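Read the structure below first, then the notes.
The values are calculated or read from the model by the stated rules, or taken from the named source; none is laboratory data. Since we're looking at a predicted model, the values are computed, not measured. Heads up, the Cβs are rebuilt from the backbone with ideal geometry, glycines too, and the neighbour counts pull from every protein chain shown.
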Amino acid sequence: MNKNQELINLSADYSANNYHPLPVVLCRGQGIWVYDVEGKKYLDMLSSYSALNQGHCHPQILETLTQQAKKLTLTSRAFHNDQFGLFCKYLCEITKKEKVLLMNTGAEAVETAIKAARKWGYLKKKVAPDQAEIIVCENNFHGRTTTVISFSSEEQYKFGFGPLTPGFKMIPYNDLDALQKAINPNTVGFLFEPIQGEGGVIIPSPGYLTTAKQICTKANVLFIDDEIQTGLGRTGKLFAYQYEDVVPDILILGKALGGGYYPVSAICADNDIMDVFTPGDHGSTFGGNPLACAVAHTALQIIVKEQLADQSDALGNYFMNKLRLVKSPHVKEIRGKGLLIGVELNKKARPFCEELMQESVLAKETHTYVIRFAPPLIIEKEDIDWALAKIEKVLR
């Protein structure tokens, strides 16, 4: 038995069976490359669901991490720390928002946005107590907490976990009429993804976000943009909403904010929303800790300084154009923006991902029939060409 299988068996014996990973055990990563315990090298085409936009083990983030870890890692928010304010200011400057609220994971940030929208609804919009509604979209993925799964359209995410949290109204994605009809006096927010990543890299029609924002503004409904996966350069813009003339009322960030080293998430909004929070309303022991703030500050600076959004735009277009030249009886559609690319197949995608693994390309299926290609944004054209030869072999 090889070492990969030994460790896979260990996981099966001692871990809850809540994931179905590809049968490879990784032990090292650098840039766009990862290595398994047998020494085999793979090109990472998943980037930990876009948490590794800067690549594996970016040396500048590592330097920040190690230097900060030697000085101060955790204070809780019972005390101030010297990294917190500096990072909050920088994140506000980047997002053009007046305030941020820092948490750890993406799901926590979504929960924070929900709490902010509801309290804003009661205090500012004067919705009757406990009557606030938030509109969400079918096929969404915003996390796996009890409240978040309560408004998922994926039955597996909900089965066995009730009673579920009320207060959400689900509409079809990319349907402006449905949004208009769903709004009522109790509606406090519209929560959406500008591209549905887990849903299969689903891109709305041009103008959808612009008109949706107009509908929300007219009805005094908060426009809540979940860019945990699409943000920070992934789609060829710093934020995917920038493809249209919109500005979200609440911007939700996570994943790549921690540079692949540390879980960091945030909601970003202006004072008229953020001032609903008072001390004791919301928090986290680890949220805004000095290690997280230092790491995220550097991680965000790298995205800006290395112009990774522009890199994603140029190489994403190149990658998709090359994929469209592949002659395959299995491909139904290729879609994406930047380096968030979905290849929809006419049969289940898992076996193709397993074959790609044998060819040293690590990608993962999403929504059963879609292979998602989302490499670190530091990838170069020759690396894409190398991967394309393997992808073409498998798709054919």
Which pairs do you get when a residue that is touching a residue at least 12 places away in the same chain (Cβ under 8 Å) and over 9 Å from A292 (Cβ atoms), found in the range 260-275, comes within reach of a residue that is among the hydroxyl-bearing types (S, T, Y) and in a loop (DSSP other than H, G, I, E, B), reach meaning Cβ atoms under 9 angstrom, with the pair 6+ apart or on two chains? S265/T105
Of the listed residues (S284, S312, S328), the one being of a type in the set (S, T, N, Q) and over 21 Å from the mean Cα position of the chain (by Cα) is S328
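Mind checking which helices (runs of 4 or more DSSP H) fall wholly inside the range 154-241 and carry at least 1 residues that are small (G, A, S) and in the same structural domain as V264 (by TED's automatic domain parsing)?
Working: elements: 155-158, 176-182, 208-218.
The qualifying helices (runs of 4 or more DSSP H) are 176-182, 208-218.
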Return yes or no: is I371 crowded, with 18+ Cβ neighbours inside 10 Å and more than 21 Å from the chain's Cα centre (by Cα)? no
So the check is Cβ under 8 Å with 6+ separation or different chains; which pairs have a first residue in the range 343-356 that's closer than 15 Å to G200 by Cβ and a second one that's of a type in the set (D, E)? V343/E333; E344/E333; K348/E365; A349/E365; R350/E365; F352/E365; C353/E365
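For the range 32-47, name all the residues that are of a type in the set (S, T, Y) and closer than 19 Å to I384 by Cβ.
Once the filter is applied, which keeps residues that are of a type in the set (S, T, Y) and closer than 19 Å to I384 by Cβ, the range 32-47 yields Y42, S47.
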Is one or more of the residues making up the range 247-259 in a helix (DSSP H, G or I), of a type in the set (A, V, I, L, M) and not assigned by TED's automatic domain parsing to the domain that holds L377? yes
Qualifying residues in the range 109-139 (those that are of a type in the set (D, E, K, R), in contact (Cβ under 8 Å) with a residue 60 or more places away in the chain and out of contact with any Pro (no Cβ under 9 Å at 6 or more places or on another chain)) - the one surrounded by the most Cβ atoms within 10 Å (Cβ to Cβ): R118
Might you check whether a residue that is among the small types (G, A, S) and within 15 Å of K89 (Cα to Cα) occurs anywhere in the range 276-290? yes
Selection over the range 120-153 where residues are in contact with a Gly (Cβ under 7 Å, 6 or more places away or on another chain) and either among the charged types (D, E, K, R) or part of a helix (DSSP H, G or I) (or both) yields a count of 1
Of everything in the range 218-242 that's more than 17 Å from the chain's Cα centre (by Cα) and surrounded by fewer than 24 Cβ atoms within 10 Å (Cβ to Cβ), which residue is nearest to A314 (Cα to Cα)? F223
Got a number for residues in the range 264-313 being farther than 30 Å from K381 by Cβ and among the polar types (S, T, N, Q)? 6
Per-region count, the range 317-339, residues in contact with a strand residue (DSSP E or B) (Cβ under 9 Å, 6 or more places away or on another chain), under 19 Å from T366 (Cα atoms) and of a type in the set (G, A, S): 1
Failed condition for L102, given (1) in contact (Cβ under 8 Å) with a residue 60 or more places away in the chain; (2) not in a strand (DSSP E or B): (2)
